[in-house]
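Structure, as structure tokens:
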Amino acid sequence: MSLLSLPIVSRIRRNHGLEHATIHVLLQRNPLLSLVGRSDWGGYSIYGQISLDQLELAAREALARLQAGESELAVHPRCGTTLAASGVLSGVAAFVALGLGRSRSRFRWAYLPEALLAATAAAIIAQPLGVLLQQYVTTSGDADHLHIARVYKQRGGPVPIHRVETR
């Protein structure tokens, strides 16, 4: 049994996919929305200025669309997976450019242009890599046995937090 097929990991991946699909639906209706999502084994939370009714309608539509085969909705270009891939690759690229195989006779910061170029190239490569990581590791578009149990508003500070619980 692989790590990705463990029941808790599978639930998180499916919820993460539904979270992305919900955000896709919401942004199709209002492209100016600023939202952040966070998934876990019991569902997902959406942070942002949106009404509970809008979220519930979008979540139910997203679930129906995933179940109808629109698995591409499970991947989102602004996902934290893509951001993490970009950060890790850029950091490693800069570290390598600044340090490995360099003579000690030259000042280390003299390699800054190479480090910036390497980090930029890594960030460009990270975008499609992040999408692949989402498709095969961090999300799942398989929503066949996924159900929305309830949608409610959580306590929050200045940014509203809504919760979508799944089963």
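Since every read-out is calculated from the coordinates, none of them should be taken as a lab result. Quantities reported herein were computed from a predicted structural model and do not represent experimental measurements. Here the Cβ positions follow ideal geometry from the backbone for every residue, glycine too, while neighbour counts run over all protein chains shown.
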(request) With only Lys, Arg, Asp and Glu charged, each at its Cβ (+1 for the first two, -1 for the last two), find how big the charge dipole of segment 3-81 is about the Cα centre; round to the nearest 20 debye. (result) 160
(message) Placing +1 on the Cβ of each Lys and Arg and -1 on the Cβ of each Asp and Glu in the chain, which of Y44, Q134, L117 has its Cα farthest towards the positive end of the resulting dipole?
(response) L117
(request) Pairs of Cα atoms under 8 Å, at least six residues apart: use those to get the relative contact order of the chain, whole percent. (result) 31
(request) Sticking with the crude label model, points 7 Å out along Cα→Cβ, report the distance from A68 to V96 in nm, one decimal please. (result) 4.4
(message) If the only charges are +1 at each Lys and Arg Cβ and -1 at each Asp and Glu Cβ, what is the size of the charge dipole of segment 3-144 around the Cα centre, to the nearest 20 debye?
(response) 780
(message) Please give me the summed charge of the neighbours of I161: other residues whose Cβ is under 15 Å from its Cβ, Lys and Arg +1, Asp and Glu -1.
(response) +1
(request) Could you point to the label whose value was computed as Rg/Rh (Cα atoms, Kirkwood Rh) for the structure here, given (1) 0.94; (2) 1.12; (3) 1.06? (result) (2)
(message) Can you tell me how segment 29-102 classifies by the Cα gyration tensor, rounded, prolate or oblate, using a/c under 1.5 as the rounded cut?
(response) prolate
(request) Determine ³J(HN,Hα), in whole Hz, for all residues of segment 36-44 in sequence, where each value follows from phi through the Karplus function 6.51 cos²θ - 1.76 cosθ + 1.60 and θ = phi - 60°; x replaces Gly and Pro. (result) 10, x, 8, 9, 8, 5, x, x, 7
(message) What are the ³J(HN,Hα) couplings of segment 12-26, residue after residue, when phi is run through the Karplus curve with 6.51, -1.76, 1.60 and θ = phi - 60°? Round to Hz, x for glycine and proline.
(response) 4, 4, 5, 5, 4, x, 5, 4, 4, 4, 4, 5, 4, 4, 4
(request) Calculate one ³J(HN,Hα) per residue across segment 120-135 by plugging θ = phi - 60° into the Karplus curve 6.51 cos²θ - 1.76 cosθ + 1.60, and present them in order as whole Hz with x for glycine and proline. (result) 5, 4, 5, 5, 5, 5, 5, 4, x, 5, x, 5, 5, 4, 4, 4
(request) Taking only the C-alpha atoms, wrap a convex hull around segment 1-44 and report its volume per residue in Å³ as a whole number. (result) 57
(request) May I ask for the angle, rounded to the nearest 10°, between helix 80-99 and the longest principal axis of the chain, with both axes built from Cα atoms and the value confined to 0 to 90°? (result) 10
(message) Relative contact order for segment 1-42: what percent, with Cα pairs under 8 Å and sequence separation of 6 or more?
(response) 52
